[in-house]
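Please read the structure below before turning to the comments.
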Amino acid sequence: MTGRSALTRTALPRAGAALVLLLLVLVVVRLPWIGDLGMHAATLERLRHDLLHPGNPLVDADTPSPYYSPWTVPLGWVAGVTGFSVFTVLRIGAVVALGVLVTGVWRYARTLSARPVVPPLALLCLVLLWGTTEFSWSGFLGLHSLALTVAYPSVFALGLAFHLWAWLARADGWGAWLGCGVLWAVILLVHQYSGIVASLGALAVVIGARHAGRGVWVRVAGALALGVVVLWVWPYYDFFALFGAGDGMDEVHRSLYRDLWARYWLVLVGVAALVVRWRRDRRDVLVLFFALGLVVFVAGGVSGHWSWGRVLPAAVIPAQLAVAVQVGESGCRAVRGVWAGVLGVALVVGVWGQVGVLGYAVGPGVLPEVVAEKYREPWEGYGWITRWVGYGDVVMAREFPSRQIPATGAYTVAPGYTDFFLDDEGERVGAVRRYFSVGVGVEGVEGSVRRGIEREYGVRWVVDRGVGLRGDSGLREVERGPGGAVLYAVVG
């Protein structure tokens, strides 16, 4: 192969990877809000006000939270020191996390192949080789998912996971192994589901090592022991208590087992590459990684433990990396051309399947109609209530606004998300249901129920849509927001 042809083969993937990164940076500037962004903003709000004892991020309660991690605590400190808004700090964190992810992918890809074309191809495969149905979930690296979760801790955790695998592949000596143990614990603390993916990938690296003798396994044990100590001493929440939260999270994750073909069919190109690698080496690291991830995912579906579906990236990532390596490593020019052609078509199809992401970077107004149809409108948010509602005020709201209101610094009566550490979550959810289900009026049973709930939880404000609360003389309308939302002050 001449130097000119090698340069040509590398230039196109690098240009594509650069365009993807530019797109994601533009998305960070706009920071679309759909999903859990309000939770992470609320977490930084609590930390900026009290770094050592932030309390529950969503409700006025003194409880621990797994959202206080080695990633969000430094960001909360930055917010407190600089005075920047939490959304500005989330943008800064998103750029840092993208840098960690890209450098991690680059480093790990270099352990799989020395060909310069493989790292940029690997990045393209990781974000584009999914399916033709837009799908977003934290810990999943599809372009549409990344655009909506780029400021989430999962992106930083997955970036660290790639660095962990690269480090493990070349670990030599106790220092390196113990460092891997600490890094493994940090990933688990930052995002538990991505930590499981990182653990399976690390296990594949160790099992697939050519010289995994007794000495290596002793160092693995030492690294794990140190990692467990780090998990145990983390002061913001009890990591090991999370093992009891699995059953409560299953129903939330049931949708991960739906529409599998539409969401992942392009990954089959990578599965074909894995078959080639398996025929060549039964202990291939990517094959082992894929097998471990697939076994756990299938076991979750069979047993009804739907939360195990969050481990699916452990099967998708090695397949995506395998086809990138296959294109770079195929020795015969004809074979390499076939693989490159198939992958090129798959990537183009993947681009079209996720083209709605352009709207998050440039705005939907400039998109062609056929592209705009794939665009999903972000949430409005509840910043409009801050003219009246102060930090730490308690707001009565239904579940959907309760996912956004704490981002302003206020609390809600019930959390918008399941909270394993909140002992009275059921009572709080029941109180919200009763508050909005009783009739209007301050006299009689209806009024006494609402006034009693307001006193019990220190409610100062109420947010609701429509006319359900009008006529309640215990409430005073003070502001109207987007989508028919109304802010009421609790009288007296």
| query | List the pairs whose first member sits in the range 282-301 and is modelled with pLDDT of 95 or more, whose second member is part of a loop (DSSP other than H, G, I, E, B), and whose Cβ atoms are under 7 Å apart, counting only residues at least 6 apart or on separate chains? | reply | GLY293/LEU312; PHE297/LEU312
| query | Does any residue in the range 85-99 that is farther than 23 Å from TYR391 by Cα come within less than 9 Å, Cβ to Cβ, of a residue that is outside any helix (DSSP H, G or I) and at pLDDT below 95 six or more places away or on a different chain, and which pairs are these? | reply | ALA94/LEU31
| message | For a quick check of your reading of the model, give me the residue pairs whose first member lies in the range 418-447 and is in a loop (DSSP other than H, G, I, E, B), whose second is modelled with pLDDT under 95 and open to solvent by 60 Å² or more (accessible area, probe 1.4 Å), with beta-carbon atoms closer than 6 Å and at least 6 apart or on different chains. | response | VAL438/GLU446; GLY439/GLU446; VAL440/GLY471; VAL442/SER473
| request: Mind listing whichever residues of the range 378-423 are open to solvent by less than 30 Å² (accessible area, probe 1.4 Å) and polar (S, T, N, Q)? | output: SER402, GLN404, THR412
| request: State which residue pairs qualify: first residue farther than 17 Å from LEU123 by Cβ and inside the range 320-348, second residue modelled with pLDDT of 90 or more and part of a helix (DSSP H, G or I) in any location, beta carbons under 7 Å apart, and separation of 6 or more residues or different chains. | output: SER330/TRP339; ARG336/VAL327; TRP339/GLN326; TRP339/VAL327; VAL342/VAL269
| Does at least one position in the range 243-263 carry a residue that is charged (D, E, K, R) and at positive phi? | yes
| request: Please tell me if TRP106 is under 18 Å from PRO13 (Cβ atoms) and either touching a strand residue (DSSP E or B) at 6+ places or on another chain (Cβ under 9 Å) or crowded, with 24+ Cβ neighbours inside 10 Å (or both). | output: no
| Just a yes or no: is a residue in the range 73-88 within 15 Å of the chain's Cα centre (by Cα) and buried (at least 16 other Cβ atoms within 10 Å of the Cβ)? | no
| query | If you go through the range 42-49 one residue at a time, do you hit one that is in contact with a helix residue (DSSP H, G or I) (Cβ under 9 Å, 6 or more places away or on another chain), modelled with pLDDT of 95 or more and open to solvent by 30 Å² or more (accessible area, probe 1.4 Å)? | reply | yes
| Which of the residues that make up the range 184-205 are over 13 Å from the mean Cα position of the chain (by Cα), open to solvent by 30 Å² or more (accessible area, probe 1.4 Å) and of a type outside the set (S, T, N, Q)? | TRP184, VAL186, ILE196, LEU203
| remark: The correct count of residues that are farther than 24 Å from GLY215 by Cβ, part of a helix (DSSP H, G or I) and open to solvent by 20 Å² or more (accessible area, probe 1.4 Å) in the range 128-181 is 2
| note | LEU22 meets each of (1) exposed (fewer than 15 other Cβ atoms within 10 Å of the Cβ); (2) modelled with pLDDT of 95 or more; (3) over 25 Å from THR149 (Cβ atoms) with one exception, condition (3)
| note | Checked pairs for the range 41-65, first in a loop (DSSP other than H, G, I, E, B), second open to solvent by 20 Å² or more (accessible area, probe 1.4 Å) and acidic (Asp, Glu), C-beta under 6 Å and 6 or more apart or across chains, list as GLY55/ASP62
| message | Conditions first: (1) in contact (Cβ under 8 Å) with a residue 60 or more places away in the chain; (2) more than 38 Å from the chain's Cα centre (by Cα). VAL478 passes all but one, so which condition is the exception? | response | (2)
| How about the range 89-103: which of its residues are within 30 Å of VAL205 (Cα to Cα) and open to solvent by less than 60 Å² (accessible area, probe 1.4 Å)? | GLY93, ALA94, ALA97, LEU98, GLY99, VAL100, LEU101, VAL102
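The values are calculated or read from the model by the stated rules, or taken from the named source; none is laboratory data. On a predicted model such as this, the values are computed, not experimentally measured, just so you know. Cβ coordinates were reconstructed from backbone atoms using ideal geometry, including for glycine residues, and neighbour counts include every protein chain displayed. Please note that ligands, DNA and RNA were not included when accessible areas were found on the heavy atoms of the full protein model with its side chains. Shrake-Rupley method; radii C 1.70, N 1.55, O 1.52, S 1.80 Å.
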